[in-house]
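The values are calculated or read from the model by the stated rules, or taken from the named source; none is laboratory data. Please read these numbers as outputs of a predicted model, since none were measured by experiment. Heads up, the Cβs are rebuilt from the backbone with ideal geometry, glycines too, and the neighbour counts pull from every protein chain shown. Protein only, heavy atoms only, side chains kept; ligands, DNA and RNA dropped before computing areas. Shrake-Rupley method; radii C 1.70, N 1.55, O 1.52, S 1.80 Å.
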Amino acid sequence: LGAIAVLLDRSLRHVELLERLRAANVEAVVAESILQERGCGTDVDGKVVALASRFSDVESLRSFRCNLNVTSSLPLPDSSNAGIVQFSSGTTGRSKCVSRTLDQLCEEFESFRTAAGLCDDERILCPVSLSHAHGLCNGLMAAFLSGNTLVLLESLIPDHVLRILVRERITIMP
């Protein structure tokens, strides 16, 4: 696609969202309706916003990217340069922008698969946001790359987590 994904947590306040979009030098935003619900409309800090539901396949997303007519100074992603951008939690200071390559993500997945003893037919419970490194690699990528099932949590309330563990027959909670 010639794009770099920037993972953002849906709990970000509007000002935090804008700071992160600027830090990552974002050209366009493809997101859920949450942005429109927050009053961002079709423009976030001068960036085009398109709802993710608008894209039915890779070609429709590629067409959107081509029609932006942007000239990015960033290299097109391949396995050895940035494929995604994440932000640190900011617990030790200001949140930092972190670029990660496909190679790095795949190495992290392989390490997790080995450490967790990932098998076929696992049911993985992801207790954190997919924009978090743990949620992305040990949740989403672990399920996606191994063909297993990923279950997302809506709440970390202990009773809710226990019900989900039983109801969904969770085998791994990283």
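Over segment 106-174, how many percent of alpha carbon pairs lie in each 5 Å bin up to the one with the longest distance?
Calculated over all Cα pairs of segment 106-174, the distribution is 3, 19, 31, 24, 15, 6, 1 percent.
If you take every residue apart from ARG123 with its C-beta less than 10 Å away from the C-beta of ARG123, what net charge results, scoring Lys and Arg +1 and Asp and Glu -1? List each step's numbers first, then the result.
Working: positive: ARG169; negative: ASP121, GLU122, GLU168.
Here the count lands on -2.
Just check segment 135-174 against the gyration tensor rule for me: Cα atoms, a ≥ b ≥ c as the square roots of the eigenvalues, rounded for a/c under 1.5, and otherwise prolate or oblate depending on whether a/b exceeds b/c.
Verdict is prolate for segment 135-174.
For SER95, what is the net charge nearby, where nearby means another residue's Cβ is under 13 Å from its Cβ and Lys, Arg count +1, Asp, Glu -1? Walk me through the numbers on the way to the answer.
Working: positive: ARG13, ARG20, ARG22, ARG94, LYS96; negative: ASP9, GLU16, GLU19.
Once positives and negatives cancel, what remains is +2.
Averaged per residue, what accessible area in Å² does segment 121-174 show with a 1.4 Å probe, protein chains only? Write out the running numbers ahead of the final one.
On the way: 3070 Å² over 54 residues.
Counting only protein heavy atoms, the per-residue value for segment 121-174 is 57 Å².
Long-range amide H contacts for ARG10: which residues qualify at under 5 Å (H placed 1.01 Å from N, peptide plane, sequence gap of 5 or more or a different chain)?
Hits under the 5 Å cutoff: none.
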